[in-house]
1. Any idea what angle helix 381-396 forms with the longest principal axis of the chain, computed on alpha-carbon atoms, 0 to 90 degrees, nearest 10?
2. From the helices alone, meaning DSSP H stretches of at least four residues, give me the mean residue ellipticity at 222 nm for the chain, per-run term -39500 (n - 2.57), in deg cm²/dmol to the nearest 500.
3. List the lysines whose Cα lies under 16 Å from the Cα of LYS101, skipping any in the same chain that are fewer than 8 positions away.
4. Helix 274-285 versus the longest principal axis of the chain: what angle, 0 to 90°, nearest 10, using Cα atoms?
5. Counting only residues 5 or more places away or on other chains, whose amide H sits under 5 Å from the amide H of ALA122 once H atoms are built in the peptide plane?
6. Could you give me the ³J(HN,Hα) list for the range 306-317, computed from phi with Karplus coefficients 6.51, -1.76, 1.60 and θ = phi - 60°, whole Hz, x at Gly and Pro?
7. Applying the Karplus parametrisation 6.51 cos²θ - 1.76 cosθ + 1.60 with θ = phi - 60° to the phi angles of the range 148-159, what ³J(HN,Hα) value in whole Hz is obtained for each residue in order, glycine and proline being reported as x?
8. For the range 34-128, what does the accessible surface come to per residue with a 1.4 Å probe? Please give it in Å².
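The values are calculated or read from the model by the stated rules, or taken from the named source; none is laboratory data. The structure displayed is predicted, hence computed values, not measured ones. Ligands, DNA and RNA are stripped out before the accessible areas are found, and what is left, the full protein with its side chains, is counted by its heavy atoms. Shrake-Rupley method; radii C 1.70, N 1.55, O 1.52, S 1.80 Å.
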Amino acid sequence: MSFFASRLERIKPSPITSATRKVRELRAQGRDIIGLTIGEPDFATPENVKRAARDAIANDETHYTEPDGTDELKEAIRTKFSRENGLDFARDQITVANGAKQVLYNAMMATLMPGDEVLIPAPYWVSYVDLVLVADGTPRIVECGERNGFKLTPSQLDAALTRRTKWVLLNSPSNPSGAVYSRSELQALADVLLRHPQVWILSDDIYEHLVFDGREFTTMAQAAPALRDRTLTVNGVSKAYSMTGWRIGYAAGPQALIANMAKLQSQSTSNPCSISQCAAVEALTGAQESVLARTLEFQHRRDLVLSLLAGTPGLRCHPPQGAFYVYANCMEALGRKTAEGRTIATEEDFVLHLLDHGVAGVPGAAYGLGPYVRFSIAADIEMLKEGCRRIRHACADLR
Ligand SMILES: Cc1ncc(COP(=O)(O)O)c(C=O)c1O
């Protein structure tokens, strides 16, 4: 019998980390690779936030804090929800963890029993499935194709819910598709959920600020107040404030759920870094100009990438409405041959072919919907231009 717990056999390391490691390895061998795999803003953390962290160290804010976040940070989060989402929460309805990822982990670990199902619309963020599996749950994947803008429809939701469904995971703007649910789309899903009182909703809003073309961001608790007592609204500072390394995520929801998530965290990691918490207070309550400026920059990059890839043989890009990825359909590239006579049979072959041409993306299999490749647009303009040139070249090379 293995020394290692059987739960580890259910999960796999993140394919994004593997893809990014591959890029690093190839570069170490001297290869020139444009890496479009990574899921983090390429901007620096704003100056005011860095200053707050330096002040925190100078002021000796370097001790244990309350296990799931300081009162100051929870107040800042309350202010954020009220200011940006029109949602009022009490302090004991808020929890802070080491990134939104730990929030999701806590929520699944605190609620799932063997046999409980979690409905996950695909394409999905890679970690959802593994987070459910490690917590003894059963992921139920619902494929949401390009025809409906990669969004879950009310009839798909209705058909997929069972007596064992405990959670529905919604992510808008979506990683990897960039789909953004409108208020009325959320309300239509809510109409179905209101008929299934045993089902809870986890709304992963981590890309909240990255919405394009003047679209309005809405979260489920706002669109459907009747669902608030079974909705966990998850967010964090990683993407909005370029703070991926600081590891601060948070959530707001019913007090009993929050208390149980906090209990679990108190016996695992305890508090997130005290200095990062001070920095997150400044991020959420300080100047917000950089958020909009960076969103406009991402929108500009999206437009650039879409225009540079338009008409590329074998590739079709559905315009993302938010986040910072382009999820490109490579169906028409399959079955073609490279100049060396190799057949591109799968999306993985296609991704390897792109690597041969010096550009890296992540195969759609990682996100539960193929054949696609996810390209991150969190790279500077010159890199994106060169990356797109290489993608076009690689595609033109196929017969
Ligand atoms: C959809 C989604 N949710 C959550 C996370 C995790 O964010 P954090 O850095 O706060 O753990 C990510 C990070 O890539 C993500 O893409």
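1. 50
2. Numbers: 13 runs with 154 residues, N = 399.
It comes out at -12000 deg cm²/dmol, rounded to the nearest 500.
3. Reachable lysines: LYS12, LYS239.
4. Its long axis makes an angle of about 80 degrees.
5. VAL142, GLU143, CYS144
6. Each residue of the range 306-317 in turn: 4, 6, 6, 8, 4, x, 5, x, x, 10, 9, 10 Hz.
7. Computed from phi, the couplings for the range 148-159 are 9, x, 6, 10, 6, 9, x, 6, 4, 4, 4, 6 Hz.
8. Details: 4030 Å² over 95 residues.
Ligands and nucleic acids excluded, the figure is 42 Å² per residue.
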